[in-house]
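What follows is a short report on a single structure.
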Amino acid sequence: MAGLVPAIHVFLVAKAWMPATSAGMTNERLRSDVEWLNTILQGILLGGLYAMFAAGLSLIFGVMRLVNIAHGDLIVLAAYVALVATETLGIGPLTSLLIVVPVMAAIGYALQRALLNRTLGDDLLPPLLVTFGLSVIIQNGLLELFTADSVKLNAGAVETASVSLGGGLAVGVLPVIQFVLAIAVIWGLQWLFYRTALGRAFRATSDDPAVAQLMGLNNAHVFALAMALSLAIVAVAGVLLAVRANFDPSIGPARLIFGFEAVIIGGLGSMWGTLVGGIIIGVAQTIGAQLDPGWNLLAGHIAFLIVLAIRPQGLFPKVN
Amino acid sequence: MAEFRVEHSNWSSRIGTAIVLVALVALAAAPWWADRADLRLLSEIYAYVALASLWNVLAGYAGLVSVGQQAYVGLGAYLLFGLASLAGVNPLAAIPISAAAAAIVSVPVAALMFRLRGHYFAIGTWVMAEVFRLLAAQTSALGGGSGTSLPVSVVLSIASSRQMREFVLYWVALAQVAVILLGIVWLLRSRYGLALTAIRDNELGARSNGINVARIKFVVYVAVAFGTAMVGALIFLQKIRISPDTAFSVNDWTAFVIFITVIGGIGRIEGPIIGTVVFFVLRQTLADLGAIYLLILGVVAIAVMLKAPKGIWGLIADRFGWQVFPLERRLVIGKR
């Protein structure tokens, strides 16, 4: 996996900076090596979640050149929809996907038809401002409905279950599910884009909306379907986020930023690139956290800025 | 050969400028007619007029839609706290020094951010602001994540009596917004202003007429960073207390500022002033609603963006041809 090369490099650099507390004792050293491998493994699995944040963002940018600033807040909205679904129906978080995904997709379709389609055009300002306003509306609406208290979805025994890989390495079942889902989502998007009629419609409107319309496509409908699909992915990401950690109405913008960083690192238009981007952010964050808890988020941002400085087109650019 | 000259003012800008000057004199005398709470409110209004006017130049004219200007509000404020409480610099003198230092920081930031196009630039600036916030939280000399207050000796060095201190800070705030507005009027009347207006109306057209768009955008970004940091430094000098979350707040220093500009009228110098008035009227009347107030503000901003993208002042200016500041360019043939 291409993401591992820079990740391991970062790891070695980071290790060189570590105070040599256990130097000399081979046994202790071995244990700390395992600890670092574990950290990287956690980072890779976390990267799956970030790739899912990024996939929805990348999809709508690819189809209609729209950057949705409310993306992170929609992830949090999905988490709250899942919270309501699990509490009122007494179902588990993973089962709640059956409700959350269609609900979010419907919201996406309606949002695009009623609001966002009107902002598309040559001018950058309207989509940015409208989605920014939407972000503020969602955040404060959730604050009003659910208060600022942080909550969490309870997934039961699967939350703490882990699989030992031998040699002191272990991975949680939940992070693995999360990672596998991310790969499935990205693979599914790839398949949809290049193997189905809908994907053809997406690509056609992306290449030339005017000609696509002449060929009988209803652009407003195609864009709304893309947004619906984007929010369906957001729904999955939101549920996983809600199971993974505490959430409250204010955490949306940070999720947007992680997803955005993954998109830019991966390279615009490349779906598998976003997975690599997500992994890089995830690994940087877990390594940063291991070095000093205050460096958790900072390390992810710095990884992004380094890529931006040395390879602004991203690692696997597809569009120019 | 016919003589010709360019005229900037018309009847409405003469009236407008006169009103602005009278208002300025009246506001400068506010310590004699307003109470302490009014002075604080007025200072806050000046800060928002200044921030929104600066953002308007950035986004409305130069097309650089940043949602990360809180980076410079916070940076200016933190630099001021560092200079005043750690290095012992007089806090009023520290305001321009902090702004200059923030402008220097903005140069490499601009070099990095300008690699991101259009929409992605917006979110990139937000990442930068987050980096600044996290770094501030790591700065233990200034209280780390929980922040710090200015020492009493620093506060006393502004003026020894509390009343005089409030007057001085009020006048500095008024002078600051006046200088920023004057600077923007001057900029827009210069040839750079012509270039900026051209970029606002059609970037490609501006480029094809020989305007170095990238260079002008860079200069505007750095200049706006300077102004924003200056405003941020003063805001937190008045608050006396700072923390990473308040200094780098996206709601306070970017969301409100964007809403003010959009509602008032983006791409026009009068817009942010009108928008600030609307914002504070709404805030004073809806303050009890808490989160609902922000929600309403978001709805209003979206509605304005979709239904009247030129904002309130845009509607007025289009309908009546008014301008408050002498900015238009009219070619007059013949001697004066």
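Looking at B:TRP253, B:TRP186, just one residue is without any contact (Cβ under 8 Å) to a residue 24 or more places away in the chain and among the aromatic types (Phe, Trp, Tyr), and that residue is B:TRP186.
Somewhere in segment A:238-260, is a residue facing chain B (nearest Cβ under 10 Å) and of a type in the set (Asp, Glu)? No, that holds for no residue.
Being surrounded by 24 or more Cβ atoms within 10 Å (Cβ to Cβ) and at pLDDT below 95: is that true of B:THR254 here?
Values: surrounded by 24 or more Cβ atoms within 10 Å (Cβ to Cβ): yes; at pLDDT below 95: yes.
It is true that B:THR254 is surrounded by 24 or more Cβ atoms within 10 Å (Cβ to Cβ) and at pLDDT below 95.
Residues are listed down the side, and each one gets a yes or a no for (1) within 30 Å of B:VAL300 (Cβ to Cβ); (2) surrounded by 24 or more Cβ atoms within 10 Å (Cβ to Cβ):
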site	(1), (2)
A:ALA51	no, yes
A:ARG65	yes, no
A:TYR80	yes, no
A:LEU98	no, no
A:ILE107	yes, no
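Check segment B:25-37 and report whether any residue there is outside any loop (DSSP other than H, G, I, E, B), among the aromatic types (Phe, Trp, Tyr) and closer than 29 Å to B:ARG200 by Cα. No: segment B:25-37 contains no residue that is outside any loop (DSSP other than H, G, I, E, B), among the aromatic types (Phe, Trp, Tyr) and closer than 29 Å to B:ARG200 by Cα.
Would you point out which residue out of B:SER146, B:SER160, B:SER153 is among the hydroxyl-bearing types (Ser, Thr, Tyr) and modelled with pLDDT under 85?
Details: B:SER146 fails: modelled with pLDDT under 85; B:SER153 fails: modelled with pLDDT under 85.
Exactly one of B:SER146, B:SER160, B:SER153 is among the hydroxyl-bearing types (Ser, Thr, Tyr) and modelled with pLDDT under 85, namely B:SER160.
Going by the structure shown, is A:GLY133 buried (at least 20 other Cβ atoms within 10 Å of the Cβ) and either within 23 Å of the chain's Cα centre (by Cα) or facing chain B (nearest Cβ under 10 Å) (or both)? Here the answer is yes, as A:GLY133 does meet what is asked.
What about B:GLU130, is it under 22 Å from B:ASN251 (Cα atoms) and either more than 14 Å from chain A (Cβ to nearest Cβ) or in a helix (DSSP H, G or I) (or both)? Yes, satisfied. The helices (runs of 4 or more DSSP H) found wholly in segment B:248-336 and carrying at least 1 residues that are closer than 23 Å to B:LEU194 by Cα and not hydrophobic (A, V, I, L, M, F, W, C) occupy B:256-264, B:271-286, B:311-320. The residues of segment A:282-319 that are over 23 Å from A:SER32 (Cα atoms), facing chain B (nearest Cβ under 7 Å) and under 17 Å from the mean Cα position of the chain (by Cα), listed by number, are A:HIS301, A:PHE304.
One residue alone among B:GLY227, B:GLY232, B:GLY210 is out of contact with any strand residue (DSSP E or B) (no Cβ under 9 Å at 6 or more places or on another chain), small (Gly, Ala, Ser) and assigned to a loop (DSSP other than H, G, I, E, B), and that residue is B:GLY210.
Please go through segment B:133-164 and give me each residue that is in a helix (DSSP H, G or I), touching a Leu at 6+ places or on another chain (Cβ under 8 Å) and more than 9 Å from chain A (Cβ to nearest Cβ), ordered by number.
Keep residues of segment B:133-164 that are in a helix (DSSP H, G or I), which gives B:133-138, B:140-142, B:144-146, B:152-156, B:162-164.
Add one more test, that the residue is touching a Leu at 6+ places or on another chain (Cβ under 8 Å), and what stays is B:134-136, B:138, B:141-142.
If the condition is that a residue be in a helix (DSSP H, G or I), touching a Leu at 6+ places or on another chain (Cβ under 8 Å) and more than 9 Å from chain A (Cβ to nearest Cβ), then B:ALA136, B:ALA141, B:LEU142 are the ones that fit.
Taken together, the residues in segment A:55-73 that are under 18 Å from A:VAL101 (Cα atoms) and within 12 Å of chain B (Cβ to nearest Cβ) amount to 6. When B:SER66, B:SER53 are screened for being modelled with pLDDT of 90 or more and in a helix (DSSP H, G or I), only B:SER53 passes.
Residue check: A:LEU153 meets all listed conditions (1) touching a Leu at 6+ places or on another chain (Cβ under 8 Å); (2) part of a loop (DSSP other than H, G, I, E, B); (3) without any contact (Cβ under 8 Å) to a residue 60 or more places away in the chain but one, namely (3). Do we find that B:ALA77 is crowded, with 24+ Cβ neighbours inside 10 Å, at pLDDT 95 or above, aliphatic (A, V, I, L, M) and under 20 Å from B:LYS217 (Cβ atoms) in this structure? No: the conditions fail for B:ALA77. Taking B:VAL89 as meeting all but one of (1) away from every other protein chain (no Cβ under 14 Å); (2) in a helix (DSSP H, G or I), write down the number of the exception. Failing condition for B:VAL89: (2).
Results for (1) surrounded by fewer than 17 Cβ atoms within 10 Å (Cβ to Cβ); (2) in contact with a helix residue (DSSP H, G or I) (Cβ under 7 Å, 6 or more places away or on another chain), shown as yes or no for each residue.
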position: A:LEU143; (1), (2): no, yes
position: A:ASP149; (1), (2): yes, no
position: A:ALA157; (1), (2): yes, no
position: A:ILE177; (1), (2): no, no
position: A:PHE193; (1), (2): no, yes
position: A:GLY216; (1), (2): yes, no
position: A:VAL234; (1), (2): no, yes
position: A:GLY238; (1), (2): no, yes
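Against the criterion of being over 23 Å from B:VAL20 (Cα atoms) and within 14 Å of chain A (Cβ to nearest Cβ), B:LEU289 qualifies.
Among the residues of segment A:242-257, which ones are under 8 Å from A:GLY72 (Cβ atoms) and hydrophobic (A, V, I, L, M, F, W, C)? If you could, list the steps in order and put the result at the bottom.
Our first condition is that a residue be under 8 Å from A:GLY72 (Cβ atoms); within segment A:242-257, this holds for A:251-257.
Within segment A:242-257, A:ILE251, A:ALA254, A:LEU256, A:ILE257 meet the criteria.
The values are calculated or read from the model by the stated rules, or taken from the named source; none is laboratory data. Values in this document were obtained by computation on a predicted structure and should not be read as measured data. A quick note on method: Cβ atoms are made from the backbone with ideal geometry, for glycine too, and the neighbour counts reach across all protein chains shown.
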